Amino acid sequence: MTATEIIIGLSGVIAAAAPVVFATIGETISERAGVINLSINGTILLSAMASFAIAVRTDNLVLGFLMGMAVGALVALIVSFTSITLMQSQVAVGYVMTLMARDTAYFLGNPFVGLSGPRVPAFKIPLLGDIPVLGPILFDQDIMTYLSILAIIVAWWWIYKTRPGMMIQGVGERPSAAFARGANVKRVRYIYALVGGTLVGLAGPTYSLSIKAGWKGTISGLDGFGWIALALTIFGGWDPLRGAAGAYLFALLQWLGLVLQPVLPGIPSQVMRVAPFPLMILTLLLVGIGNTEWVNRTLAGLPDDARIFISRTLRFLQVRPPTALGEHFERE
Amino acid sequence: MKVELRDIHKSFGPVRANWGINLAIPPGTIFGLLGENGAGKSTLMNILSGYYRQDEGRIRLDDEFVSIGSPADAIRHGVGMLHQDPLDFPPMRVLDNFIIGHGGGILPDYGEAKKGFHELSEAFDFSIDPQAYVDMLTVGERQQLEILRLLWLGAKVLIFDEPTTGISAQQKAKLFEALRRLAEEGRSVIFVSHKLEEIQELCSRAAVLRQGELVGEVEAPYDLDQLVKMMFGKVVSKGVRTDIDRGDEVLRIENLSLEQGRLEITDVNLAVRKGEVIGLAGMEGSGQSALLKLCAGLIPPVHGRVVVSGQDMTGKRYREFLQQGVTYMPASRLEEGLIPGMTLLEHFLLTREAGGAVIDWEKGRELSRRQIQEFSIVGRPDTKVENLSGGNQQRALLALLRPDRELILLEHPTRGLDIESAIWVWKQLKERCRQGSAIFFISSDLEEILDYSDRILVFFGGQVSDPIKARETDVEKLGHLIGGQGFAGKREQVRR
Amino acid sequence: MKRVLQGLKSLSFPAVTVLLALGFTTLVLLTTDASPWQAYKTLAIGGAGSLRQVMNVVVAWIPLLIVSMGLLVTFAAGLWNIGIEGQIILGAIFATGVLRYFQDTMAPPGLAIFLAILAGALGGALWAALAGVLKTYGGVNEIFGGLGLDFVATAIVLWLIFGPWKRPGIGSMSGTEPFQESLWLPMFPDSRLSPWSLLIGLASIGLIFFLLRGTYFGLKLKAVGQNARAAGRMGIPTNLYMMFAFIVCGALGGLAGSLQVTAVYHRLIPSISSNYGWLGLMVAMLVNYRTIWAALAALFFAFLNIASVRLPLVLKVDSSLSGVIQGSLVLFALMASGARNRWLRGDEERSS
């Protein structure tokens, strides 16, 4: 493989990760405030379909993306209303919405299957795009890819560096304390669930109007990315930077799978295609196993140096969810 | 700031938490609010601080009627409250905790916050590292942080809800000093407590609540007998200590070390005989709970041996401990003890499993009726446990303890109970001792520890005192130990 | 009078749920070229227009029913067994494997079918146990563990169909070579409905009803589901009971999968699970996890699935309309239950 091929490949990795990054960042924001939006796999499908349909009908990319965002926000609104206001299980309503959004996408998208629509053009950033190696990888992309990178930085900055962002952490950690400090807990949760949903809604059109342009119904190949993004949110320990790193790692591994396939002819393509999922389980195993009782019990029986080494390693990998994740809040 | 409460009513379902309460609190004083657990003190203060909304009644601050709909409203009017369990964010830094909730632009002004933090810290002689994480602090330090935060927000009325629970003697002294200073500066301080001595030491004036109603107000110097009568409605006797014959050894702990989080406990040795009651005292999080959990097999020791009724149980699991005759009653009733959503009947069936795989509902109903009667639980077999009152939940927990247990481990057996229920609980427990059980219990109430234990272990930051005979000590001596004085004989191992 | 009002009130929420779902579906239909009235008529004819269609509905009901019953067990233990799809698939794979083994032997076909169904249950149970081990001993939330295993199971099916078990010549999406008729479960004449499957399906209702309502096992599962910590303190081995729940549910899922092979398709096809796992979760949620109601809800969902097959032929709209109806029903049922809690709580406060 030549250097040019590698550079093109890596550039493709950055682009391919963009929708997963949007979804992961969106979900991270929502869960930081305490709302699990389990619907995002369906949301991505519905937003991909809806934005493609609008873009085809109006021949306007911007309207297409706006439609995607609106779909994401709408689904998030349904999830929030049912869980925050009506106090139903977030997992339950999220699960229903993931199926319902998917089926609605397939149903309403039927007339648009196979049509050709507009596609986001690449936009090379002047000067930066001419830097050797880095230029073509990072700065010769389309605008959605740039926006996905921007989303990571802004989300990280907002959560950790701003006053309202610190309050999101508070609402997700200990809503009663946030309430005592003047936060309107339910409103904060609504807002960030909606903001998160809107970002998830960008993931769909980033597929259907850019990297996998078009709508092909059940064989669009988008089913599953939402679940990956949900797992990456956990893997990232609810931190936008670590979550995004997971998304790039994921895209990189997918690319490596494609590249390596001719080298490893024994492995059929169906197996390669689902490789992300065992990988997802494995990463969750790494971050989760330190929390189990038997591990702690086994560790206590080991000699001191081994115990300290292993528990340090596990603690480094271990992630801790926002304490109030998925819980309801009532002031009395 | 002058605070007036007018005819405050508040009910939770059928429970009258506050009923027509009128109070006037002058500025520049420390005002005591006295009452048993469940008398309605916290509810009243939660109303004043905006956490709850009253059903009826009005609040006046400095002669103006105000509407307080949320804690944010309250602090805007200058009212701030320190909750019993400080309402902060443990995984975050002190300075971030200090800032969250304070006004300003998009970006927090760290410079200004640091300045405010240091100035206030100095004024009150508090020394908390602003960069430390809150979960590394003691409860006392977390209180100090909350005081600083509320003052920075401009609080003119400060409410302290049972602030001395779980803090050390030195921290208590420092806290009281701070309270006096706040009052001298002209702020109103409301001190909520069920401890007479503290009210006596601090407050110039106190109001007594009982069962949601205001019984009366008194001024210092107080007549303690009168206060007791006001609190309880009558004089209660705690019964007489009776000695129980000691039997065989139930529990033996040898050279035991354990780790839980940052807490390390080393070299504990102890032998407990049948019929004996051991009280574990100390600030919360000093290691009592870890030792109790170890005796239940919930956490394994790092070194040493645990022997229960002659059987080496080191490293065995919780259920093996249960089979060996150990039973464990956790502090949090609805989190660890009972199962919300299930009925009393189902609870009895779960813990008193009769042989076979198929449930005999009739027999179960019969059994639960008997238990409900024996333990005077106000409820029916079909009552879901979350619908029982706190006291009845506690009774249910006791009823669920199997009768033939040799070692009974209890976390805060009477927390949240009124005094009569507490006495009733201990009567039952002592009866168990007479039948040959040994009891290990944790309590943050020193009186309870002194009244019911035979021997006492005091914990301080992971250090454990030698067993102290309850008859040979008093509240004062225990208080010193809890504050960390007198551990000289033991190896220095505090890790803070 | 008060009684009547109370009764009306308790009826009003399900009624509102159905009306809202109907309204939503109509709204969705209005965005297409098909008229809603035509669509509903097509559905009615498609599901109940002839005896043949009714039998098809029952054919779809059986696996969905068995899967839903299994899911009630995991739900009782507080578990979201999203891995159920994979468990159905593994059941189908195991059953196919056993039938393939026996098809060229002299073994009595009855025995082969019996063993195939048993193997199916075993396969499902093993796949569920894997999700269970990941959950209890690996700290991996069962939603993600199960989901990952679903995708893996799909990959295994595809690999088998295009690889080791491919049809003579070239593998295709139509599945493996059909088995000879002697290896099919006996059918009612002119249908794909087997009395044996029906029997197994009905038996699963009784089994689960009894298990959850009448045994200590069920009671302990419920305790683990409601509050695992407290259940553990009472001496119930919570991890073990979660594993039991997974295994029982997986076995039922696998059973459903094996019936798809032995009674319906007579071969392994890529979509052998027909999404009944996903749908089963919805069934359980729709009826708030009540056994008998779940059986009825499963029947209705099966009806919708079969009825919608004709939509593309008659009206040129996609058959996923059934999913839209099912989804909106469950969503509005959730909302109604939330609204009812709020409303009733309001009543209590006022009356006290």
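The values are calculated or read from the model by the stated rules, or taken from the named source; none is laboratory data. Since this is a predicted model, take the numbers as computed values, not measurements. Note: ideal-geometry Cβ built from the backbone for every residue, glycine included; neighbour counts use all protein chains shown.
Listing for the model above:
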read-out	value
Answer residue from the range B:83-96, given it is touching a strand residue (DSSP E or B) at 6+ places or on another chain (Cβ under 8 Å), more than 9 Å from chain A (Cβ to nearest Cβ) and surrounded by fewer than 22 Cβ atoms within 10 Å (Cβ to Cβ) and is nearest to B:Gly116 (Cα to Cα) among those	B:Arg93
Residue ID - nearest to B:Met342 (Cα to Cα), chosen from residues in the range B:413-441 that are assigned to a helix (DSSP H, G or I), in contact with a Gly (Cβ under 8 Å, 6 or more places away or on another chain) and of a type in the set (D, E, K, R)	B:Lys427
Subset of the range B:24-46 [of a type outside the set (Val, Ile, Thr) and over 15 Å from B:Met81 (Cβ atoms)]	B:Ala24, B:Pro26, B:Pro27, B:Gly28, B:Gly32, B:Leu34, B:Gly35, B:Glu36, B:Asn37, B:Gly38, B:Ala39, B:Gly40
Unmet requirement for C:Ala307, which otherwise passes all of (1) closer than 30 Å to B:Gly337 by Cα; (2) in contact (Cβ under 8 Å) with a residue 12 or more places away in the chain	(1)
Residues (at the interface with another protein chain (Cβ under 8 Å from one of its Cβ atoms) and in contact with a Ser or Thr (Cβ under 6 Å, 6 or more places away or on another chain)) located in the range C:304-321	C:Val317, C:Leu321
Residues located in the range A:94-134, provided they are out of contact with any helix residue (DSSP H, G or I) (no Cβ under 6 Å at 6 or more places or on another chain), of a type in the set (Asp, Glu) and within 14 Å of another protein chain (Cβ to nearest Cβ)	none
Single residue of A:Val91, A:Val154 found to be at pLDDT 90 or above and either within 14 Å of chain C (Cβ to nearest Cβ) or touching a Lys or Arg at 6+ places or on another chain (Cβ under 9 Å) (or both)	A:Val91
Some residue of the range C:274-283 being hydroxyl-bearing (Ser, Thr, Tyr), modelled with pLDDT of 95 or more, surrounded by 21 or more Cβ atoms within 10 Å (Cβ to Cβ) and within 24 Å of C:Ser322 (Cβ to Cβ)	yes
Residues (touching an Asp or Glu at 6+ places or on another chain (Cβ under 7 Å) and over 30 Å from B:Arg53 (Cβ atoms)) located in the range A:147-196	A:Gly196
Only listed residue being at pLDDT 85 or above, acidic (Asp, Glu) and touching a Lys or Arg at 6+ places or on another chain (Cβ under 6 Å), chosen from B:Glu217, B:Glu249, B:Glu213	B:Glu249
Filter result for A:Asp223 (closer than 30 Å to A:Ser116 by Cβ, out of contact with any Gly (no Cβ under 8 Å at 6 or more places or on another chain) and of a type in the set (Asp, Glu))	yes
Meets criteria (part of a helix (DSSP H, G or I) and more than 10 Å from every other protein chain (Cβ to nearest Cβ)) for A:Arg273	no
Check on B:Gly356, in a loop (DSSP other than H, G, I, E, B), within 11 Å of chain C (Cβ to nearest Cβ) and within 20 Å of C:Ala223 (Cα to Cα)	yes
Residue in the range B:97-117 that is closer than 30 Å to B:Ile442 by Cβ, more than 10 Å from chain A (Cβ to nearest Cβ) and out of contact with any helix residue (DSSP H, G or I) (no Cβ under 7 Å at 6 or more places or on another chain) present	no
Residue satisfying all of: in the range B:442-481; among the hydrophobic types (A, V, I, L, M, F, W, C) and in a strand (DSSP E or B); surrounded by the fewest Cβ atoms within 10 Å (Cβ to Cβ) among these	B:Ile468
Pair list, Cβ < 6 Å and 6+ apart or interchain, from the range C:12-33 residues that are more than 11 Å from chain A (Cβ to nearest Cβ) and more than 17 Å from A:Met100 (Cβ to Cβ) to residues that are in a helix (DSSP H, G or I) and modelled with pLDDT under 90	C:Phe13/C:Arg340
Test for C:Phe94: is it out of contact with any Phe, Trp or Tyr (no Cβ under 7 Å at 6 or more places or on another chain), of a type outside the set (Lys, Arg) and surrounded by fewer than 20 Cβ atoms within 10 Å (Cβ to Cβ)	no
Members of the range A:296-332 that are under 24 Å from A:Leu282 (Cα atoms), free of Cβ contacts under 8 Å to residues at least 24 places away in the same chain and among the hydrophobic types (A, V, I, L, M, F, W, C)	A:Leu299, A:Ala306, A:Ile308, A:Phe309, A:Ile310, A:Phe316
Residue match in the range C:43-65 (condition: at negative phi, of a type outside the set (Lys, Arg) and within 14 Å of chain A (Cβ to nearest Cβ))	yes
For B:Arg76: the one exception among (1) more than 12 Å from chain A (Cβ to nearest Cβ); (2) under 25 Å from B:Ala178 (Cβ atoms); (3) over 29 Å from the mean Cα position of the chain (by Cα); (4) of a type in the set (Lys, Arg)	(1)
All positions within the range A:81-113 that are of a type in the set (Ser, Thr, Tyr), surrounded by 24 or more Cβ atoms within 10 Å (Cβ to Cβ), over 23 Å from A:Gly214 (Cα atoms) and touching a residue at least 60 places away in the same chain (Cβ under 8 Å)	A:Ser83
Restricting the range C:249-292 to residues that are more than 14 Å from the chain's Cα centre (by Cα) and in a helix (DSSP H, G or I), the residue that is farthest from C:Glu177 (Cα to Cα)	C:Ile292
Out of B:Gln171, B:Gln143, sole residue that is touching a Ser or Thr at 6+ places or on another chain (Cβ under 8 Å) and of a type outside the set (Asp, Glu)	B:Gln171
Some residue of the range A:274-294 being crowded, with 17+ Cβ neighbours inside 10 Å and under 26 Å from A:Ala50 (Cα atoms)	no
Residues being outside any helix (DSSP H, G or I) and within 23 Å of A:Ile219 (Cβ to Cβ) - total across the range A:94-129	9
1 or more residues within 14 Å of chain B (Cβ to nearest Cβ), in contact (Cβ under 8 Å) with a residue 24 or more places away in the chain and polar (S, T, N, Q): qualifying helices (runs of 4 or more DSSP H) within the range C:167-241	C:216-226
Which numbered condition B:Gly364 fails, given (1) small (Gly, Ala, Ser); (2) more than 11 Å from every other protein chain (Cβ to nearest Cβ); (3) assigned to a helix (DSSP H, G or I)	(2)
One residue from B:Leu397, B:Leu410 being within 13 Å of chain C (Cβ to nearest Cβ), over 30 Å from C:Leu211 (Cβ atoms) and outside any loop (DSSP other than H, G, I, E, B)	B:Leu410
